[in-house]
1. Being within 25 Å of residue 344 (Cα to Cα), of a type in the set (D, E, K, R) and more than 18 Å from the chain's Cα centre (by Cα) is the filter; apply it to the stretch 267-320 and report the residue that is modelled with the highest pLDDT.
2. Looking at 128, 91, which one is modelled with pLDDT under 95 and part of a helix (DSSP H, G or I)?
3. Looking at (1) within 30 Å of residue 241 (Cβ to Cβ); (2) over 16 Å from the mean Cα position of the chain (by Cα); (3) surrounded by 19 or more Cβ atoms within 10 Å (Cβ to Cβ), which one does residue 129 not meet, given that it meets all the others?
4. Looking only at the stretch 171-188, count every residue that is at pLDDT below 90 and open to solvent by 20 Å² or more (accessible area, probe 1.4 Å) and tell me the total.
5. Looking at (1) modelled with pLDDT of 95 or more; (2) part of a loop (DSSP other than H, G, I, E, B); (3) open to solvent by 40 Å² or more (accessible area, probe 1.4 Å), which is the only condition residue 30 fails?
6. Among the residues of the stretch 213-220, is there at least one that is among the hydroxyl-bearing types (Ser, Thr, Tyr), open to solvent by less than 10 Å² (accessible area, probe 1.4 Å) and modelled with pLDDT of 95 or more?
7. Given the stretch 300-350, what strands (runs of 3 or more DSSP E) lie entirely inside it while holding 3 or more residues that are more than 20 Å from residue 147 (Cβ to Cβ) and open to solvent by less than 60 Å² (accessible area, probe 1.4 Å)?
8. Hey, does the stretch 98-108 have a residue that's open to solvent by less than 10 Å² (accessible area, probe 1.4 Å) and closer than 23 Å to residue 147 by Cα?
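The values are calculated or read from the model by the stated rules, or taken from the named source; none is laboratory data. Nothing here was measured: the structure is a model prediction, and the numbers come from that model. For neighbour counting, all protein chains shown are included, and Cβ atoms are generated from backbone atoms with ideal geometry for every residue, glycine included. Heavy atoms of the whole protein, side chains included, go into the accessibility calculation; ligands, DNA and RNA do not. Shrake-Rupley method; radii C 1.70, N 1.55, O 1.52, S 1.80 Å.
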Amino acid sequence: MKNVKNMLLVGLAASSMLAPSIAVSAEKYKVCWSHYTGWEPYALLESTGILDKWEQKYDVDIDVTLINDYVESINLYTSGEFDACTMANMDALTIPATGGVDSTALIMGDYSNGNDGIVLKNGDSVADLKGRDVNLVELSVSHYLLSRALDKNGMSERDLNQVINTSDADIAALFVSDSNAATVTWNPPLQTVRNTKGANLVFDSSEIPEEIMDLLVVRTDASENFKKAITGAWYELMARLNTRGKDADELIAEMAKNAGGTEAEFRAQLKTTHMYFDPAAAAQVFESEKAQETMDYIRNFSFKHGLFGAGAADADFVGIEFPGKVLGDEGNVKLRFDPTYMKLAAQGKL
């Protein structure tokens, strides 16, 4: 009997050596992005093969998807369809965070330094908005930019006829076709709008520097492997884009094509986008008092405009966490500015 048992054990051992190993499934994550100058590099992560390298390093499977409508991309993230999404700081606060989704600003991609603007026909100043309809993506950074411009010029939204909520996918075409158009938008639609006959740019984000941050926001409970992989891939790509030569030129040409414009137009948009190619510089933004001041301004603007919903008693409704400090309700922190992974990238530790 003992010999039979030994023979069975030997047979099982031999068969296990011959059988194919059972692979452990990689963690799967979904990232979405929408067209904007500072976010066009997300398409390059896959086309260059950079993402595949970092997926293998951290045993993750990351799907990067373009969503043509910006607000829809954030809504899909908020509803759980995606694990990460590109969005501006104000929208991260007023949509997923206010909606109860605990989110982390993982990558500080850029700030708008003229990439968002107010454009008019039949007018050459902010004062010429008085009594007019204004097309914009309501409750987005465009709405914020409009409010800041009006405030700086001694006006308010009461001086307008109305704000018309308009998809960013439609806004340029509507401006071109309207002889008395007024709109607030961002690049690349802003480029089209500005180039329309009779159009005048009357205010842009360079007049409020560092206030409109463009981020990659992820679910806070996403794994360390995912956060490290996507951050590592992003900054490897940034290093390539930040060089002069054929490689960077080819990548810029690819982004211009994906954005639907010419290379000259895309390069012009890059000039009004303060890109953070260096992860150390990007990490410092999240650790700065300036970022805290900006988000304090934004949360008060958001509450004043009803963006926190009827249940919010004051601007402290949502907690916003920075290294060593929380603005608002510490018991309801839903937006976190975390420089950890950018600092690891800067230190070469990813």
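1. Only one residue tops the list, namely 287.
2. Only one candidate passes the filter, namely 91.
3. Exception for residue 129: condition (1).
4. Residues of the stretch 171-188 at pLDDT below 90: 186-188.
Within this subset, residues satisfying the condition of being open to solvent by 20 Å² or more (accessible area, probe 1.4 Å) are 188.
Selection size over the stretch 171-188: 1.
5. (2)
6. Of the residues in the stretch 213-220, the ones among the hydroxyl-bearing types (Ser, Thr, Tyr) are 220.
Imposing the further condition that a residue be open to solvent by less than 10 Å² (accessible area, probe 1.4 Å) reduces the set to none.
Checking the stretch 213-220: not a single residue is among the hydroxyl-bearing types (Ser, Thr, Tyr), open to solvent by less than 10 Å² (accessible area, probe 1.4 Å) and modelled with pLDDT of 95 or more.
7. Numbers: elements: 319-322, 325-327, 333-337.
By residue number, 333-337.
8. The first filter runs over the stretch 98-108 and keeps only residues open to solvent by less than 10 Å² (accessible area, probe 1.4 Å), leaving 103-108.
From what's left, closer than 23 Å to residue 147 by Cα: none.
No - not one qualifying residue is present in the stretch 98-108.
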